[in-house]
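Bear in mind that the values in this text are calculations on the coordinates, not laboratory data. Computed from a prediction, not measured in an experiment: that's the story for all the values here. No Cβ is skipped: glycine too gets one built from the backbone with ideal geometry, and neighbour counts run over all protein chains shown.
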Amino acid sequence: MKIKNSEKSFGVVAQVFHWSVFLLFVALFVVANMMTEMPKGPEKFQLYGLHKSLGVTTLFIVFLRLSWRMANPVPTPSTKVSKLVNRAASIGHFLLYAVMFIMPISGYIMSMAGGHKVSWFGIFNLPVFIGKSKALGVLAHGIHSYTAYFIIIFVSGHLMAALWHHFAIKDGVLHRMLPLKEKESSAINKEEVNQYV
Ligand code: HEM
Ligand code: HEM
């Protein structure tokens, strides 16, 4: 198992980033649904705190993840699908990165504009660099809520694409994000490079 990405597969660091963000997103959506449905009280308040702490953690991890990606080669696109499909995959990955940033940043702005402190698991408070503003709060809330729907759409498309590669194309693209031996991924076959161009 390699630490860094290679031409054939994502390395273990990129894989850990990928799957930890996946788990954080699941937790954030579950907590968000629970906290918004709950009647007012201390538990609701605690869940808001947990949601914000997990969200800020996600922002930090996504920042590290993008930096790592930029410092590493990205595995070569599958040679078993057309260039157009690979282009769609790159656009999809770009959109996923966009929502990974928009979501926590809009949440942070929403809290600051609402005049609420953002604490990281009660250990320290994050800096407040925006004053109370109803208009900004409403805007950030709107962005946060709508982006949640976009996440569901983009991640569903991404999941379907991963399953399509795995079961229909059988090019081992799914293995590139799983801790398996590199040789098990056959997404790159030099002889086939121009077959579908
Ligand atoms: C990637 C990170 C995040 C994800 C995936 C996420 C997800 C969500 C979702 C799905 C909702 C429910 C939306 C709705 O129906 O209105 C929500 C609400 C909320 N989020 Fe986040 N969130 C993230 C980060 C943050 C951060 C960093 C903060 C603040 C520091 C935050 C603060 C809030 C607040 C205050 C609400 C409740 C809004 C309301 O009362 O309607 N979120 N979040
Ligand atoms: C639902 C389960 C998921 C599966 C099965 C899955 C699968 C994969 C696979 C197989 C790849 C490698 C694609 C390639 O080699 O070209 C990949 C890459 C990627 N995935 Fe996912 N994924 C999932 C969830 C997510 C989530 C929740 C996000 C972000 C919100 C995400 C964001 C990305 C991004 C940005 C890449 C590009 C590589 C990188 O920079 O990390 N994935 N995913």
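Quick notes
- Verdict on Ser53 being within 18 Å of Met100 (Cα to Cα) and of a type in the set (Ser, Thr, Tyr): yes
- Residue ID - nearest to Asn33 (Cα to Cα), chosen from residues in segment 48-93 that are of a type in the set (D, E, K, R) and within 13 Å of ligand 2 (Cβ to nearest atom): Arg65
- Only residues that are of a type in the set (Val, Ile, Thr) and surrounded by 16 or more Cβ atoms within 10 Å (Cβ to Cβ) were counted in segment 26-37, giving 1.
- Of all the residues in segment 61-81, those that are over 16 Å from Ser106 (Cβ atoms) and either touching a Pro at 6+ places or on another chain (Cβ under 9 Å) or assigned to a helix (DSSP H, G or I) (or both) number 8.
- Total residues in segment 1-49 satisfying the condition of being more than 9 Å from ligand 1 (Cβ to nearest atom), over 16 Å from the mean Cα position of the chain (by Cα) and without any contact (Cβ under 8 Å) to a residue 24 or more places away in the chain: the figure is 13.
- Options Ile152, Ile109; residue that is closer than 13 Å to Val56 by Cβ, aliphatic (A, V, I, L, M) and assigned to a helix (DSSP H, G or I): Ile109
- Figure legend. Inter-residue proximity from segment 93-104: first residues touching a residue at least 24 places away in the same chain (Cβ under 8 Å), second residues more than 9 Å from ligand 2 (Cβ to nearest atom), beta-carbon distance below 6 Å, spacing 6+ or different chains. Indicated pairs: Val99/Thr147; Val99/Phe150; Ile102/Thr147; Met103/Thr147; Pro104/Gly55; Pro104/Thr58; Pro104/Leu59.
- Exclusive hit being crowded, with 17+ Cβ neighbours inside 10 Å and closer than 20 Å to Phe150 by Cα, set Leu23, Leu54: Leu54
- Among the residues of segment 141-163, those that are in contact (Cβ under 8 Å) with a residue 12 or more places away in the chain and near ligand 1 (Cβ under 9 Å from one of its atoms) comprise His141, His144, Thr147, Ala148, Ile151.
- Some residue of segment 63-85 being without any contact (Cβ under 8 Å) to a residue 40 or more places away in the chain and within 12 Å of ligand 1 (Cβ to nearest atom): yes
- Output for segment 131-145, where each listed residue is of a type outside the set (A, V, I, L, M), assigned to a helix (DSSP H, G or I) and exposed (fewer than 12 other Cβ atoms within 10 Å of the Cβ): Lys134
- Number of the exception - Arg176 against (1) closer than 22 Å to Phe17 by Cβ; (2) basic (Lys, Arg); (3) not in a helix (DSSP H, G or I): (3)
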